[in-house]
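*Asks:* Take a look at this one; I'll ask things after.
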Amino acid sequence: MKMYCKNCGKKFYPTDDGWVGYPQGTGWSARLPANKRVFHSRFCWEDWTNRNIDAYSNFLQQFPDCDINSDNQNHN
Ligand SMILES: [Zn+2]
């Protein structure tokens, strides 16, 4: 399918069974479908993350911190 890189705007053509586009997932079984690979290169993925690090870290911090929860349970 045709995609435009979210970082640099370059046109690229990821496929579900190919290795074009990032992020790719962590293995054969976990490979991301083509329509979720929004960056044309690993550099663009990391460059975009660095430039949006505030929004990115705020997003991640919405999730519960499992380490803090388990610490509290130990004290109870
Ligand atoms: Zn790019």
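*Asks:* Would region 48-55 turn up any residue that is over 12 Å from the mean Cα position of the chain (by Cα), part of a loop (DSSP other than H, G, I, E, B) and within 16 Å of the ligand (Cβ to nearest atom)?
*Replies:* Yes.
*Asks:* Across region 1-36, what is the number of residues that are without any contact (Cβ under 8 Å) to a residue 40 or more places away in the chain and either exposed (fewer than 11 other Cβ atoms within 10 Å of the Cβ) or within 11 Å of the ligand (Cβ to nearest atom) (or both)?
*Replies:* 18
A short reminder: the numbers here are calculations on the coordinates, not readings from a lab. What you see is a predicted model; the values in this text were computed from it and never measured. For neighbour counting, all protein chains shown are included, and Cβ atoms are generated from backbone atoms with ideal geometry for every residue, glycine included.
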